[in-house]
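I have placed the structure first, in the form of structure tokens, so that the comments after it can refer back to it.
The values are calculated or read from the model by the stated rules, or taken from the named source; none is laboratory data. Remember, it's a predicted structure, so these values are computed and weren't measured experimentally. When we count neighbours, we look across all protein chains shown, and the Cβ atoms used for this are built from the backbone with ideal geometry, even at glycine. Surface areas here come from the heavy atoms of the whole protein model, side chains and all, with no ligands, DNA or RNA. Shrake-Rupley method; radii C 1.70, N 1.55, O 1.52, S 1.80 Å.
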Amino acid sequence: MRLILFGPPGAGKGTHARVLAETWQVPHWATGDILRRHIREGTELGKRAKAVLAKGELVSDALVNELMIDQMSEPDGKRGFILDGYPRTVGQADALENFLKRQNEKLDVALYFKTSVEVIVDRLSGRRSCPQCGANYHVRNIPPRVEGVCDRCQSKLVERADDRPETVRHRLEVYEKETSPLLDYYRRRGLLKEVPGDLDVAELQVKLRKILAGLAKQTTG
Ligand code: ADP
Ligand code: ZN
């Protein structure tokens, strides 16, 4: 099972990707999480990416492609993977396609989380994230069991710097310009599946499970 999840920031990709990855026992690779880990650990790459993320811009295709292709080349990706936040530009989509071709593999589906602006703004302004494991919460919609503490790893939750309203606005512009062309890209390849990102987590999870179960049936015949 090889899927990509894309859609505007705040669409819920990360939240759903984590659950799906557990159900299907495949790795979940979120480019944003991987970049933030590099920033936290102060690696060379992290140093280059830090200011870019803070401004809500995209890291260069060259850098992200290298990062994700290294990741996908690891043995734990053999049975499949869920990509969350990659590809995010047509250049990245081409790089992914070429990589998979070389491996004689292909994507099963590109899930597009169609989400309205009001929902995005509400979710991002209430979002709290775990700096350690990447889990996301929302002060009202998805509160952690203990306020301010991650359910999974007990780390202290933080508000992401790029969830500030001005930065959110810019991220949405970048999304429109750079990422929304992926809609046509995957539609033309017959891989696009649109899901309603506005739904709450439990409702959308039911839909996603159905889609994935359908795909699994197709691939196993
Ligand atoms: P969101 O989907 O909510 O915007 P992410 O955690 O996926 O959050 O991404 C946060 C930031 O990381 C982006 O604004 C961008 O700077 C960087 N980033 C993530 N994925 C990519 C990518 N595929 N290409 C370039 N930059 C990326
Ligand atoms: Zn955590």
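Summary of values
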item: Residue, nearest to ligand 1 (Cβ to nearest atom), within segment 18-56, restricted to residues that are within 19 Å of SER73 (Cβ to Cβ) and either more than 18 Å from the chain's Cα centre (by Cα) or of a type in the set (Phe, Trp, Tyr) (or both); result: TRP29
item: Qualifying residue in segment 59-66 (condition: more than 9 Å from ligand 1 (Cβ to nearest atom) and more than 20 Å from PRO9 (Cβ to Cβ)); result: yes
item: Residue match in segment 182-202 (condition: of a type in the set (D, E, K, R), on the phi < 0 side of the Ramachandran plot and within 16 Å of ligand 2 (Cβ to nearest atom)); result: no
item: Matching residues in segment 71-94 - criterion: being closer than 20 Å to GLU173 by Cβ, surrounded by 21 or more Cβ atoms within 10 Å (Cβ to Cβ) and among the hydrophobic types (A, V, I, L, M, F, W, C); result: ALA93
item: Where a residue in segment 171-194 is closer than 12 Å to LEU111 by Cα and its partner, wherever it lies, is part of a helix (DSSP H, G or I), with Cβ under 7 Å and at least six apart; result: LEU182/VAL90; LEU182/ALA93; LEU192/LEU183; LEU192/TYR186; LYS193/ILE211
item: Looking only at segment 1-53, and only at residues there that are in a helix (DSSP H, G or I) and among the small types (Gly, Ala, Ser), the one that is surrounded by the fewest Cβ atoms within 10 Å (Cβ to Cβ); result: ALA51
item: In segment 151-162, residue most open to solvent (accessible area, probe 1.4 Å) [restricted to those that are of a type outside the set (Lys, Arg) and within 16 Å of ligand 1 (Cβ to nearest atom)]; result: GLU159
